[in-house]
Amino acid sequence: MKPTNGMLLEHLARYYFAAPYVQGTVLDFATGAGYGAHLIAKLCKSRIDSVLGVDLDPAVVDYARQTYYHPLVKYEVQDVLDPALAQKIGPYDTILSFETIEHIADDVQFLKNCYDLLAPGGTLVLSSPFGAGRGKPCLSPWHVHQFTEDEFHALFTDFRDVQFYYQHGVLFEPKRAGVRYPFGIAVCTK
């Protein structure tokens, strides 16, 4: 994508937003092309041990390996819904999951895996677009659903502490009255 592409800028902004929360071992769920894992490795190299970018698509993982190499980053093919995932690759101090959960029908198993993969005191930073609600049609043919704001908030009850922010373009802020936000982002501590 070109640097003037608003969607690319929004995706990059999520990684920049998350950077202050990143430490130790890092998991980038649904890493896609790998630019986010690479960016986090560069931005946070003094306080991380490693970054693992996982994706379900072997071709995408191969692309990430070839295009976004960094000595602190590895890429693997993994299924975010695998119930044994925590035993296979965990634990992590930080998990990043941007624009993933709306693609997954079994969001309960996905969030269980996120929780199980986090070390005690670990941080999950997760974003999702808002929409008509769980199981309801949305404009994107790739999204299973888009949560309402209330549904999004209800996803994180297992976490000790949760802070919610809202994204509009490249800007993140706490909720302001009267503003409609297209994206929510949760910063959760186990």
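Asp93 - would you say it is touching a residue at least 60 places away in the same chain (Cβ under 8 Å), in contact with a strand residue (DSSP E or B) (Cβ under 7 Å, 6 or more places away or on another chain) and over 19 Å from His11 (Cβ atoms)? Yes, satisfied. Just one residue in the set Ser46, Ser50, Ser97, Ser128 is among the small types (Gly, Ala, Ser), farther than 22 Å from Val170 by Cβ and part of a strand (DSSP E or B); that residue is Ser50. Of all the numbered requirements in (1) crowded, with 19+ Cβ neighbours inside 10 Å; (2) assigned to a strand (DSSP E or B), Leu111 misses one, and that requirement is (2). Considering the stretch 31-90, and only residues there that are out of contact with any Phe, Trp or Tyr (no Cβ under 7 Å at 6 or more places or on another chain) and among the hydroxyl-bearing types (Ser, Thr, Tyr), the residue that is surrounded by the fewest Cβ atoms within 10 Å (Cβ to Cβ) turns out to be Ser46. Exactly one residue among Val54, Val60 is in contact with a strand residue (DSSP E or B) (Cβ under 8 Å, 6 or more places away or on another chain), touching a residue at least 24 places away in the same chain (Cβ under 8 Å), in the same structural domain as Tyr16 (by TED's automatic domain parsing) and of a type in the set (A, V, I, L, M, F, W, C), and that residue is Val54. Of the listed requirements (1) farther than 22 Å from Pro20 by Cβ; (2) part of a helix (DSSP H, G or I), Arg180 misses just one: (2).
Among the listed residues Leu39, Leu12, identify the single one that is at negative phi and modelled with pLDDT of 95 or more. Sole residue among the options that is at negative phi and modelled with pLDDT of 95 or more: Leu39.
Remark: Leu39 matches the filter, which requires a residue to be assigned to a helix (DSSP H, G or I) and of a type outside the set (D, E, K, R).
Just one of (1) in contact (Cβ under 8 Å) with a residue 24 or more places away in the chain; (2) within 22 Å of Leu12 (Cα to Cα) fails for Phe156. It is (2).
The values are calculated or read from the model by the stated rules, or taken from the named source; none is laboratory data. The shown structure was predicted, so the numbers you read here are calculated from the model rather than taken from an experiment. With ideal geometry, Cβ positions are generated from the backbone for all residues, glycine too; neighbour counts draw on all protein chains shown.
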